[in-house]
1. Once you place label points 7 Å from the Cα toward the Cβ at residue 312 and residue 398, how far apart are they in nm?
2. Find how much the distance from residue 198 to residue 425 grows on full extension, using 0.36 nm per residue of separation minus their present alpha carbon separation; answer in nm with one decimal.
3. When a footprinting reagent is the concern and you count Cβ atoms within 10 Å, what order do 238, 377 take, fewest first?
4. Spelling out what I want: for every residue of the range 107-114, take phi, set θ = phi - 60°, compute 6.51 cos²θ - 1.76 cosθ + 1.60 (Karplus), and round to whole Hz; glycine and proline get x.
5. Can you list the HN-Hα couplings for the range 87-102, worked out from phi with the Karplus curve (6.51, -1.76, 1.60; θ = phi - 60°), rounded to whole Hz and with x for Gly and Pro?
6. Take the alpha-carbon centre of the range 422-436, take the same for the range 336-376, and report the distance between them in whole Å.
7. Compute the distance in nm between two label points, each set 7 Å from the Cα along the Cα-to-Cβ direction, one at residue 358 and one at residue 390.
8. Which net charge results for the neighbourhood of residue 439, defined as the other residues with beta-carbon distances under 15 angstrom from its beta-carbon, given Lys and Arg at +1 and Asp and Glu at -1?
Amino acid sequence: MGTSINKIAAIAAFTTLLPTVALPQAGAGLQGGYVIDLDVSTSLTFDDNFSLVPNSPGTTKIFDNKFTFSIDKTTSSQSLNISGSTVLRYADFPGRSTSGFEEPTVRFKYTTASSNSSLTLDGRYRRVDREFLNPFGVAQDEIFDPTTSLLGGGGTLTDRSAGLVYQTGITAPLGFTLALRHDDKTYSNLGGLPPATVARLFDTDTDRADATVTMQVSPVTQLRLKAGLIQYDATDAVRTDRTTQDYSIGVVQDINPVLVLDAQIGYTDVETVTTGGTSQRTGTTGSVMLTQTLRNGTVFGSLSSTLNQNGNRTTFRFGRDLQLKTGNLSASIGATRGPNADTQAIAALSYTRQMKSSDITVTLDRSASTNGLSEDVLDTRLGVNYGYLINSSSRFNIVVNLARSENIDNSTAPTVDRRNLRASYTRNLTRDWDLTTGVAVRYSKDSTVAAGSATSNSVFLTLDRKFSFRP
């Protein structure tokens, strides 16, 4: 652990010695006005199986009062966003109840930039009761592990993260980028969960440092040198301590005005220390990607080889980004081959369309990954969101989410299925007040639960007010 910290510090120190272009002076300040957004909502929910267990213990009643705020300030060279939320909750479960302020969440992001450099700082803190955690509501900047977030609720999860990205030489022939990030997860109060679930919920700390040098050697050729270090520590059964080092050299070549080649070759060293001993994997990695610009979008093909604690994974993708008259389409399809030579189909899709009185969004992601227990899993997630504008003051919306996590490459990960359907009607009572009512149906099946699948049905009513002002 100490050696890895020294390596991260060395990367940071080395980058500070590189030639830089000064960022905007601190005296410039954030001169634009603040914009404050507030959201207050009150929601009443009745759910016949809120815990989503095979045999429902009875109906749960939840009364939530959620407070959300966002503070933004933007100038020509700087931007600041601070946001947060909390819930004043009363929940009456069969045989028990809970009340008080729950789910405190705070985020911030600050960016400052000049014509040739930029600095971005961000951070997040969240503490949530896993019983109320929506597996389909994971924010984009959060680490998603399907074999934990798709598991049954219970206990408390605390997330903390902080990051820094410094870039200079953006428009110069020689450029430098330093990215540092820390993420940690802590679980508590897991006593009421099954042992198979508790074994998958353990504390983790991840520190990452990446340093990149770019060189524009000609108008159509750019070279890239990159060094990366990841330190991962977990309180799992074997006390995993893993260090991953990556080194690569790459090139971006404009073959012609509409065809671009991006290729790199590198070396990865993964050392894992557990109570059972030390293991190490090393090897060559690489990737190549061709992108062609068309009249209405782009088409691309890519081939990559990566290495982690389980071995090499080779992935091929072919995709198309298409700009439509009333929307956008981005899709790719391919295959991935893991350490045990098992090949799986993968795909991604993002489709949006805006019509006269309705809109639809469809997303699909099917990909292979390695979870916190070094199990290779195949994750499939499909989401459909359809909205229909009934009139100027009312709207109907339906959301369908499907997710499946299954083991591949002979891993021991469980197969977990989750499905959610939510239909709602929203009416604008005034310019600031909205009333939403609807129904939701949930389904869950876990291969480790002998009792079988679980379903729940709920109805909800929400009164919401949003307003914005400048102090």
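1. 4.8 nm
2. Between residue 198 and residue 425, full extension yields 77.9 nm more.
3. Fewest to most other Cβ atoms nearby, the residues stand as 238, 377.
4. In residue order, the calculated couplings are 9, 8, 8, 10, 10, 10, 8, 10 Hz.
5. Values, residue by residue: 10, 8, 10, 10, 10, 10, 8, x, x, 7, 8, 9, 7, x, 7, 10 Hz.
6. Cα centres, the range 422-436 to the range 336-376: 32 Å.
7. Taking the simple label geometry, residue 358 and residue 390 are separated by 1.5 nm.
8. +1
Rule-based calculations on the coordinates, nothing more; no lab input. Predicted model only: the values in this text are computed from it and were never measured. Cβ atoms come from the backbone with ideal geometry, glycine included; neighbour counts cover every protein chain shown.
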